[in-house]
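Peer 1: Below is the structure I would like to discuss, written out as C-alpha cells.
Bear in mind these aren't lab numbers, they're just calculated from the coordinates by the rules spelled out. Fair warning: this is a prediction, and the values are worked out from it, not measured in the lab. With ideal geometry, Cβ positions are generated from the backbone for all residues, glycine too; neighbour counts draw on all protein chains shown.
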Amino acid sequence: MNEMVDLIEKEHMRLDLTEIHVGDNVRVYTKIFEGDKERIQVFEGVVIRKRGGNTRATFTVRKVSYGVGIEKTFPMHSPLIDKIEILTKSKIRRAKLYYLRDLKGKAAKLKEKRD
Amino acid sequence: MGIGLLGKKLGMTQIFDEHGNIIPVTVIKAGPNGIIQKKTVSKEGYNALQIGFDEIKKVNRVNKPLTGHFSKAKVAPMRFLKEFKVTPDDAEANDAGATISVEMFEPGEFVDVTGTSKGKGFAGVMKRHGFKGAPASHGSHEFFRHGGSIGANTFPAKVMKGKKMPGHMGAKRVTVQNLKIVDVRGDMNILMVEGAIPGPTNGYVMIKKAVKKS
C-alpha cells in the first residue's frame, strides 16, 4: 500500500479502545441514534474473527440467543463504538473460530485462559 | 472550460463520517502543478493553459526541445502534461511559471475525474457488454459464453453496424462525473474523493470542477 494512504488510514484509527483478541468474551457498547436521541446498545458474545488492517479492520462477535446463533460484525475503529469490555479470555488454537457455528451447548464452550 | 488539476491515483481506502458511516474514498496526489505555457487567442487562436505534473528528477533524461519548453516558463521538467481550455478571464489571471495546488478545491465540492481505465485485453461479450451468455444446463454444450445470433439471413444480409461483439476492452479514456470531495490536504498535496476513479494505482488522472454541478 502507498505510504500516504497508510498515513491517512492511521489518522482515522481509534487507539482509545481496549485491544481484543479472538476467543475473548466481550461486551460491545454501541451508540444508537433514534432521531435526535442517543442510547447505548450492548452486544455480548465471543470474538470469532478479526480481519483487515488499519481503519478497514472489523471483528465479529457471536452469541447464542434463545437457541439461535447471532453474529454481528463491527468496524473496529467506528466512532459509534462507545467502549469494549473484555469479560474473559480463552485458550484457542485457531485464528478464526468458525467451528463454533457447528457446535451447541457445552461443546461450544472455550477453555478459559487465566493469567 | 476552466482550469483543472493533474494528479496520480494513490489507492483506495475508507473513512468514517460524522454519523459513523463508512465512506469509500480514493486518495489522489494532486499537484503542485506548474503552468508551463499560456496559449492566447492572439497567438494560438484559443485560450488555454498547459500544466504539468510529476517532476522529473534526472534532468539529463529530458531531451533538448522539451528542456527549452520548460525553461521558457522557468519550471522544473515534468512527466505528465495536459492542456486545459480556459475563459479569457482565467487566462488573464494565470501566468506561465506559476504553480497551482489542491487548495483550488474545497471539501464538499464536486469534481469530474478523467483517467485511462485498466486494460482488460481481448474480452468476450459477457465481460465487455454484459451479455447473459447461454444456459449452462438443459443439454447445452460448447456454447456457454457466446453472444448468440448476430443478425438475420436474406434480409438484411449483413451484420448491422455497431453490433456488440468481442474485442479489446479497457485502456481507454474514461471520465467519472460528480465525485464529492471528502477532504483536501494542502500540506500533503492530497485530495480525497468519494468513490472510485478510472485507472490503476499510480495512474495519472485529470481533475476538473464538475460540469453538471456548477
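Peer 1: Which loop-located trypsin sites (Lys or Arg not before Pro) does segment A:45-98 contain, where loop means any DSSP state but H, G, I, E or B and the Cβ has at most 15 other Cβ atoms within 10 Å?
Peer 2: On the way: sites: A:ARG49, A:LYS50, A:ARG51, A:ARG56, A:ARG62, A:LYS63, A:LYS72, A:LYS83, A:LYS89, A:LYS91, A:ARG93, A:ARG94, A:LYS96; in loops: A:ARG93, A:ARG94, A:LYS96.
Answer in residue order: A:ARG93, A:ARG94, A:LYS96.
Peer 1: Shielding of B:183-191 by partners, i.e. mean partner chain Cβ atoms within 10 Å per residue? All intermediate terms of the calculation are to be shown ahead of the outcome.
Peer 2: Working: counts 1, 0, 3, 0, 0, 3, 1, 4, 0.
Mean partner-chain Cβ count within 10 Å for B:183-191: 1.
Peer 1: Using 18 Å as the cut-off for backbone N distance, which residues of segment B:151-193 belong to the label zone defined by a point 7 Å from the Cα of B:LYS212 along Cα→Cβ?
Peer 2: In segment B:151-193, the label zone of B:LYS212 (backbone N under 18 Å from the point 7 Å along Cα→Cβ) covers B:174-181.
Peer 1: Within a 10 angstrom radius of each residue's Cβ in A:32-44, how many Cβ atoms of other chains show up on average? Whole number is fine.
Peer 2: Values: counts 0, 2, 0, 0, 0, 0, 0, 0, 0, 0, 0, 0, 0.
Mean inter-chain Cβ contacts per residue within 10 Å come to 0.
Peer 1: Still on this structure, I have one more. Any idea what the alpha-carbon Rg over 2.2 N^0.38 Å comes to for the protein assembly as shown?
Peer 2: Values: Rg = 27.8 Å, N = 329, 2.2 N^0.38 = 19.9 Å.
So the protein assembly as shown has a normalised radius of gyration of 1.40.
Peer 1: Taking A:LYS89 as the anchor, which lysines have their alpha carbon closer than 24 Å to its alpha carbon, excluding any fewer than eight residues away along the same chain?
Peer 2: Hits, sequence-local ones excluded: A:LYS50, A:LYS63, A:LYS72, A:LYS104, A:LYS106, A:LYS109, A:LYS111, A:LYS113.
Peer 1: How far is the Cα center of segment B:64-117 from the Cα center of segment A:1-40, in Å?
Peer 2: Answer, in whole Å: 40.
Peer 1: Still on this structure: Please return the longest range in chain B lying between exposed loop sites, taking GluC sites (Glu not before Pro), DSSP loop only, at most 13 other beta-carbon atoms within 10 Å, and leaving the sites out. Walk me through the numbers on the way to the answer.
Peer 2: On the way: sites that count: B:GLU18, B:GLU44, B:GLU142.
The longest such stretch corresponds to B:45-141.
Peer 1: With labels modelled as points extended 7 Å from the Cα through the Cβ direction, what inter-label distance (nm, one decimal) is found for A:GLU44 paired with B:ARG173?
Peer 2: 6.3
Peer 1: Shifting gears a bit: I'd like the mean, over residues of B:4-10, of how many other protein chain beta carbons sit within 10 Å of each residue's own Cβ.
Peer 2: Working: counts 0, 0, 0, 0, 1, 1, 7.
Across the residues of B:4-10, the mean count of other-chain Cβ atoms within 10 Å is 1.
Peer 1: What nm value, rounded to one decimal, do you get for the distance between B:LYS163 and A:ASP16 when each label is placed 7 Å out toward the C-beta?
Peer 2: Going from the B:LYS163 label point to the A:ASP16 one covers 6.6 nm.
Peer 1: Residue farthest toward the positive end of the dipole of chain A, with Cβ of Lys/Arg at +1 and Asp/Glu at -1: which of A:LEU15, A:PHE74, A:LEU97?
Peer 2: A:LEU97
Peer 1: Out of segment B:1-65, which chymotrypsin sites (Phe, Trp or Tyr not before Pro) are coil in DSSP terms and have no more than 12 other C-beta atoms within 10 Å?
Peer 2: In loop regions of segment B:1-65 (DSSP not H, G, I, E or B), the sparsely surrounded chymotrypsin sites (Phe, Trp or Tyr not before Pro) are B:TYR46.
Peer 1: How big is the dipole moment of segment A:6-100 about its Cα centre under a simple scheme where the beta carbon of each Lys and Arg is +1, that of each Asp and Glu is -1, and everything else is neutral? Debye, nearest 20, please.
Peer 2: Numbers: 19 positive and 13 negative charges, 128 e Å.
Using Cβ point charges on Lys, Arg, Asp and Glu, segment A:6-100 gives about 620 debye.
Peer 1: While we're on this one: Projected onto the charge dipole of chain B (+1 at Lys/Arg Cβ, -1 at Asp/Glu Cβ, origin at the Cα centre), which of B:PRO65, B:GLY52, B:VAL86 gives the Cα projection farthest towards the positive end?
Peer 2: Towards the positive end, the residue furthest out is B:PRO65.
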